[in-house]
Amino acid sequence: MLQILKETVSWLRPQIPENTNIGIILGTGLGDLASNITGKKEIPYEKIPNFPVSTVEGHHGNLIVGQLGGKPVLAMQGRFHFYEGYDMKQVTYPIRVMQLLGIEYLFVSNAAGGMNSAFEVGDIMLIDDHINLFPEHPLRGKNEDALGTRFPDMSDVYDKKLRETAVAIAEKNRIKLQHGVYVGTQGPTFETPAEYHYFNIIGGDAVGMSTVPEVIVARHGGMKVLGVSVITDMAVYGKVVEVSHEEVQKAAREAQPKLAFLIEESVKQLRIKAT
Ligand code: HPA
């Protein structure tokens, strides 16, 4: 695994400024943020040695190298979902690459179904914590001690300081920000009413099909993480209605400007590495 990673990293290294320490996964709800990245260079995933290749037609993934809010960033346009058939090592491979390229902060977004009755479609939820319900763990197997410890601590997965910064930015700019626990499940089915109810009872406020694997690997690798969900559909006990991929996409699109603003402002407040 390390040898394979090193090949990827040595191919990418000359194309990425040395002081880049901010990584972004442009998940659902953050696609537009790509257009705020200046001086950008796009590297298609197909060109990157050993990178997982997208099997879904019309799903072109790119690594974007550039500047956001004046800071050097490395952004993933397009991620790998477990439900697409990738195994957990493939889903999280780009995070390992980021780690070896010196990324210290990871910003991640997703679309999620809201189970907390105080939420509304279109809300942004700051992820305070998560519950991992994926059937395979991304760290299962021999531990690479060079990448992280065997039994990583998970007591502060979504960095407290980064969350406080995001809250302060939201308050100052009158952006409504919800808080909650994100439940990560494999999909691709949306939940049954009983499943939404169950996830809520065990402590979940929102549920989605991504993020948790990448975040676990990012924490294993010592990164500080900020995660946000766009609430694209509501699934409160007794009031669950039909949900479609199209509705999810529409709600996420509408929430984009405020989410992009929140992330860009948070990025502005970070310190970059001295070179
Ligand atoms: N469930 C799971 N994943 C989702 C949902 C949902 O209701 N909405 C958006 N992604």
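The values are calculated or read from the model by the stated rules, or taken from the named source; none is laboratory data. Computed from a predicted model, the values in this text were never measured in an experiment. Every residue, glycine as well, gets a Cβ built from its backbone with ideal geometry; the counts of neighbours run over all protein chains shown.
Of the residues making up segment 132-151, those that are touching a residue at least 60 places away in the same chain (Cβ under 8 Å) and closer than 21 Å to ILE103 by Cα are PRO138, LEU139, GLU144, ALA146, LEU147, GLY148, THR149.
A quick yes/no check of all residues on (1) within 23 Å of LEU26 (Cα to Cα); (2) in contact with a helix residue (DSSP H, G or I) (Cβ under 8 Å, 6 or more places away or on another chain); (3) within 16 Å of the ligand (Cβ to nearest atom); (4) not small (Gly, Ala, Ser):
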| residue | (1), (2), (3), (4) |
| --- | --- |
| GLY180 | yes, no, yes, no |
| PHE190 | yes, no, yes, yes |
| HIS197 | no, no, yes, yes |
| THR211 | yes, no, yes, yes |
| VAL217 | yes, yes, no, yes |
| MET234 | yes, no, yes, yes |
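So which of PHE119, PHE107 ends up being within 13 Å of the ligand (Cβ to nearest atom) and either in contact (Cβ under 8 Å) with a residue 60 or more places away in the chain or hydroxyl-bearing (Ser, Thr, Tyr) (or both)? Step through it out loud before you land on a result.
Numbers: PHE107 fails: within 13 Å of the ligand (Cβ to nearest atom).
The conditions single out PHE119.
Residue-wise test of (1) more than 20 Å from the chain's Cα centre (by Cα); (2) within 19 Å of ASP129 (Cβ to Cβ).
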| residue | (1), (2) |
| --- | --- |
| LEU177 | no, yes |
| VAL212 | no, yes |
| GLY222 | no, yes |
| TYR237 | yes, no |
| LEU259 | no, no |
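Cβ-Cβ contacts under 7 Å between residues 6 or more apart (or on different chains), taken from a first residue in segment 17-28 that is over 12 Å from ALA260 (Cα atoms) to a second residue that is small (Gly, Ala, Ser) and at pLDDT 95 or above, are listed as THR20/GLY102; ASN21/GLY102.
Quick check on TYR93: is it surrounded by 17 or more Cβ atoms within 10 Å (Cβ to Cβ) and either in contact with a Gly (Cβ under 6 Å, 6 or more places away or on another chain) or of a type in the set (Lys, Arg) (or both)? Against the criterion (surrounded by 17 or more Cβ atoms within 10 Å (Cβ to Cβ) and either in contact with a Gly (Cβ under 6 Å, 6 or more places away or on another chain) or of a type in the set (Lys, Arg) (or both)), TYR93 does not qualify. Cβ-Cβ contacts under 7 Å between residues 6 or more apart (or on different chains), taken from a first residue in segment 239-265 that is under 24 Å from HIS197 (Cα atoms) to a second residue that is in a loop (DSSP other than H, G, I, E, B), are listed as VAL243/PHE190; ALA251/VAL121; ALA251/GLY122; ALA252/THR28; ALA252/GLY29. In the set (1) at positive phi; (2) modelled with pLDDT under 95; (3) touching a strand residue (DSSP E or B) at 6+ places or on another chain (Cβ under 8 Å), the condition left unmet by GLY238 is number (3). Determine if segment 71-93 includes at least one residue that is within 28 Å of LYS250 (Cβ to Cβ), β-branched (Val, Ile, Thr) and touching an Asp or Glu at 6+ places or on another chain (Cβ under 6 Å). No, every residue in segment 71-93 fails to be within 28 Å of LYS250 (Cβ to Cβ), β-branched (Val, Ile, Thr) and touching an Asp or Glu at 6+ places or on another chain (Cβ under 6 Å). Picking from residues in segment 236-255 that are surrounded by fewer than 18 Cβ atoms within 10 Å (Cβ to Cβ) and under 11 Å from ALA111 (Cβ atoms), the one that is nearest to the ligand (Cβ to nearest atom) is VAL243.
Taking each residue of segment 167-190 that is closer than 18 Å to GLY227 by Cβ and looking for partners that are of a type in the set (Asp, Glu) and more than 10 Å from the ligand (Cβ to nearest atom) with beta-carbon atoms closer than 6 Å, six or more apart or interchain, yields ILE169/GLU265; GLN178/ASP123; HIS179/ASP128; GLY180/ASP205; VAL181/ASP129; VAL181/ASP205.
Tell me, which residue of segment 101-118 that is within 19 Å of PRO257 (Cβ to Cβ) and not hydroxyl-bearing (Ser, Thr, Tyr) is farthest from the chain's Cα centre (by Cα)? The extreme case among them is ALA112. The residue that is farthest from GLY114 (Cα to Cα), counting only those in segment 219-232 that are in contact with a Phe, Trp or Tyr (Cβ under 6 Å, 6 or more places away or on another chain) and more than 9 Å from the ligand (Cβ to nearest atom), is LYS224.
The combined condition, being surrounded by 13 or more Cβ atoms within 10 Å (Cβ to Cβ), β-branched (Val, Ile, Thr) and touching a Gly at 6+ places or on another chain (Cβ under 8 Å), is not fulfilled by THR165. Going by what's in this entry, would ARG96 be described as farther than 23 Å from GLU46 by Cα, of a type in the set (Lys, Arg), more than 16 Å from the ligand (Cβ to nearest atom) and modelled with pLDDT of 95 or more? Taking the combined requirement at face value, the residue does not satisfy it.
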